[in-house]
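The values are calculated or read from the model by the stated rules, or taken from the named source; none is laboratory data. As the structure is a computational prediction, the values presented were derived from the model and not from experiment. Methodologically, a virtual Cβ is constructed for each residue, glycine included, from the backbone with ideal geometry; neighbour enumeration extends over all protein chains shown. Surface areas here come from the heavy atoms of the whole protein model, side chains and all, with no ligands, DNA or RNA. Shrake-Rupley method; radii C 1.70, N 1.55, O 1.52, S 1.80 Å.
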Amino acid sequence: MTVTSVHDPSHREALWELEDAFERGDLVSAFGRCTVTYEGRAASDLGAGDRLLVLKPDGAALVHTDEGRQPVNWQPPGSQHRAAVREGRLRVVSTRDNPDETLTVRFSDVHQLSAMAVTGGRDLELHGSEEDLRTRILERPDLVEPGFEPRETERSSSAGPMDVFGVDDEGTPVVVELKRRRVGPDAVGQLARYVRALGEELGVDGGSDSGDPPAVRGILVAPSVTDRAAERLADRGFDHVALDPTPTE
């Protein structure tokens, strides 16, 4: 893979590198101090700050800050990239026509610019999905707990489809929520909504605040949970089963 990387380029040098990269169809990353303006279905302005701009050969443009995994500004694939130097400063513009949208990044300083040809194909083979986790449980219900009997998958409810519905060895209805990776309290809230919905459907109490055995149980199946999630599980009387989507060797 051919990689071009320039540290602290002048604005004119950065422009030359960008123009060459656009012509080759490279993926470009540029880091520096910049402002960002968006005009289209709405309008937004992002003041000066150090940010990462990623320009993909399919037309996608992404502006990242130091927080979160989502870009703060972006343009979808199919957009057109162009660059220029105006008043001695690099300006990168990404536009598309339908709808009419323009993303403009104006750099006051360019700290680093890289261009590279990205290959390897676009076919993504997923491993360890929630479907794998469901299959494991349906083939071996005892992984949830001894005596657990799955009755239905994707059972509909007022809160949405439940991953697995079943009963325990005493005949108590059980809602099983599946997650393929470590989860936080949001997953507990989701499970609680399913338990409540099933309790309402069956005409029984879906909670466990009274201290009596719950009329509907909730079990969260995930490789691990955060401390806060564990606290919420305990508060609601739910259980956690630590299980990976695929067996480990």
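Placing dummy labels 7 Å off each Cα toward the beta-carbon, the span from ALA234 to SER5 is 4.6 nm. Using the alpha carbons alone, the radius of gyration of the chain stands to its Kirkwood radius in an Rg to Rh ratio of 1.17.
The stretch between TRP74 and ARG181 holds 35.8 nm of extra length on full extension. This uses 0.36 nm per residue minus the Cα-Cα distance. With the simple spin-label model, which puts each label point 7 Å out from Cα in the Cβ direction, the THR226 to ASP100 separation comes to 4.4 nm.
What full-extension length gain, to one decimal in nm, is calculated for ARG24 and ASP45 as 0.36 nm per residue of separation minus the Cα-Cα distance?
Numbers: separation 21, 0.36 × 21 = 7.56 nm, distance 3.08 nm.
The ARG24-ASP45 span can extend by a further 4.5 nm.
Considering only trypsin sites (Lys or Arg not before Pro) in DSSP loops that have at most 14 other Cβ atoms within 10 Å, the longest stretch of the chain without any of them is 183-249.
Can you give the FRET efficiency to the nearest 0.05 for ASP244 and ASP66, using r as the Cβ-Cβ distance and R₀ = 35 Å?
0.65
For the chain, the carbon plus sulfur part of the accessible surface works out to 45%, probe radius 1.4 Å.
Note the full-extension length gain between ARG86 and ASP58 as 0.36 nm times their separation in residues minus their Cα-Cα distance, in nm to one decimal. Working shown, then result.
Details: separation 28, 0.36 × 28 = 10.08 nm, distance 2.57 nm.
That pair, ARG86 and ASP58, stretches by 7.5 nm at full extension.
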